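Enquirer: I have a structure I would like to understand better, so I am pasting it below and will then ask my questions one at a time.
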Amino acid sequence: MTRKQWVAVASSSSQKTKVPDAVKETLTEKASLLIENVIKPNHISPPPTDHNFNYLVDVYSKWYRNYFYFCSTYNCPHPNAIAPSFEIKWARMEYVGEDKFNVSYMRHTEKWAEVYQEISMIDSLKAITEEDYFAP
């Protein structure tokens, strides 16, 4: 009688490209400028007087492995709120090698939807600034 056995095989998609430190530093610097000069002035406004709605208080970015995220913090002023604030990730740049990124946005289903594949860092940041998909 033959015995069947499962064998784990690493696929090529599971092997991610390591992000060079120079790319990390450059993207972090450019994203910080974009956040401070464009995104925050266009999206953060004074707290509303009506305490029934959440409001945006901060936008920031961070690296996790080969993903660069744009994130937001919202305050929840309602007295029955579960927590006083919450954070969300709303845009993601995945480093795929040679200064190329896949760009995704977070859908209402809490799943990432990839919009662009293998575009440059500058084009990625431009898309995040201009496209309606990417809103904090």
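Enquirer: Return a yes/no flag: does the range 3-17 have any residue that is farther than 16 Å from Asp58 by Cβ, among the hydrophobic types (A, V, I, L, M, F, W, C), modelled with pLDDT under 90 and surrounded by 13 or more Cβ atoms within 10 Å (Cβ to Cβ).
Expert: So the first thing to find is which residues in the range 3-17 are farther than 16 Å from Asp58 by Cβ, and the list is 3-17.
Now narrow it down to the ones that are among the hydrophobic types (A, V, I, L, M, F, W, C): 6-10.
Now narrow it down to the ones that are modelled with pLDDT under 90: 6-10.
Retained after the next criterion (residues that are surrounded by 13 or more Cβ atoms within 10 Å (Cβ to Cβ)): none.
No, the range 3-17 contains no residue that is farther than 16 Å from Asp58 by Cβ, among the hydrophobic types (A, V, I, L, M, F, W, C), modelled with pLDDT under 90 and surrounded by 13 or more Cβ atoms within 10 Å (Cβ to Cβ).
Enquirer: Any chance the range 85-104 includes a residue that's in contact with a Phe, Trp or Tyr (Cβ under 8 Å, 6 or more places away or on another chain), of a type in the set (Lys, Arg) and surrounded by 14 or more Cβ atoms within 10 Å (Cβ to Cβ)? Let's see the steps before the verdict.
Expert: Within the range 85-104, the first condition is being in contact with a Phe, Trp or Tyr (Cβ under 8 Å, 6 or more places away or on another chain), and the residues that meet it are 85-95, 101-104.
Filter again for of a type in the set (Lys, Arg), leaving 89, 92.
Next cut, surrounded by 14 or more Cβ atoms within 10 Å (Cβ to Cβ) only: 89, 92.
Yes, the range 85-104 has at least one match.
Enquirer: Which residues, taken from the range 85-136, are under 25 Å from Lys18 (Cβ atoms), assigned to a strand (DSSP E or B) and acidic (Asp, Glu)?
Expert: Passing the criteria: Glu94, Glu114, Glu118.
Enquirer: Quick check on this structure: which one of Lys111, Lys62 is within 15 Å of the chain's Cα centre (by Cα), surrounded by fewer than 16 Cβ atoms within 10 Å (Cβ to Cβ) and closer than 17 Å to Ala31 by Cβ? I'd like the intermediate steps shown before the answer.
Expert: On the way: Lys111 fails: closer than 17 Å to Ala31 by Cβ.
Exactly one of Lys111, Lys62 is within 15 Å of the chain's Cα centre (by Cα), surrounded by fewer than 16 Cβ atoms within 10 Å (Cβ to Cβ) and closer than 17 Å to Ala31 by Cβ, namely Lys62.
Enquirer: Report, by residue number, each residue of the range 114-136 that is among the hydrophobic types (A, V, I, L, M, F, W, C) and buried (at least 18 other Cβ atoms within 10 Å of the Cβ). Walk me through how you get there before you give the answer.
Expert: Of the range 114-136, the ones among the hydrophobic types (A, V, I, L, M, F, W, C) are 115, 119, 121-122, 125, 127-128, 134-135.
The answer is Ile119, Met121, Leu125, Ala127, Ile128, Phe134.
Enquirer: With respect to Pro20, determine if the residue is at pLDDT 80 or above and under 22 Å from Asn75 (Cα atoms). Can you show your working first?
Expert: Working: at pLDDT 80 or above: yes; under 22 Å from Asn75 (Cα atoms): no.
Criteria not met by Pro20.
Enquirer: Now, a different point. With respect to the numbered conditions (1) of a type in the set (A, V, I, L, M, F, W, C); (2) closer than 12 Å to Leu27 by Cβ; (3) over 15 Å from the mean Cα position of the chain (by Cα), which one is the sole condition not fulfilled by Met93?
Expert: For Met93, the exception is condition (3).
Enquirer: Quick one: would you say Leu56 is part of a helix (DSSP H, G or I) and either modelled with pLDDT of 90 or more or of a type in the set (A, V, I, L, M, F, W, C) (or both)?
Expert: Values: part of a helix (DSSP H, G or I): no; either modelled with pLDDT of 90 or more or of a type in the set (A, V, I, L, M, F, W, C) (or both): yes.
When the stated conditions are applied, Leu56 does not pass them.
Enquirer: Residues to consider are Arg65, Arg92; find the one that is modelled with pLDDT of 90 or more and on the phi > 0 side of the Ramachandran plot. Steps first, answer last, please.
Expert: Working: Arg92 fails: on the phi > 0 side of the Ramachandran plot.
Residue meeting the stated conditions: Arg65.
Enquirer: If the Cβ limit is 8 Å and pairs must be 6+ apart or interchain, which residue in the range 39-58 that is touching a residue at least 40 places away in the same chain (Cβ under 8 Å) pairs with which residue that is surrounded by 12 or more Cβ atoms within 10 Å (Cβ to Cβ) and of a type in the set (Gly, Ala, Ser)?
Expert: His43/Ala135; Leu56/Ser72
The values are calculated or read from the model by the stated rules, or taken from the named source; none is laboratory data. For clarity, every value in this text was computed on a predicted model and none was experimentally measured. Cβ atoms come from the backbone with ideal geometry, glycine included; neighbour counts cover every protein chain shown.
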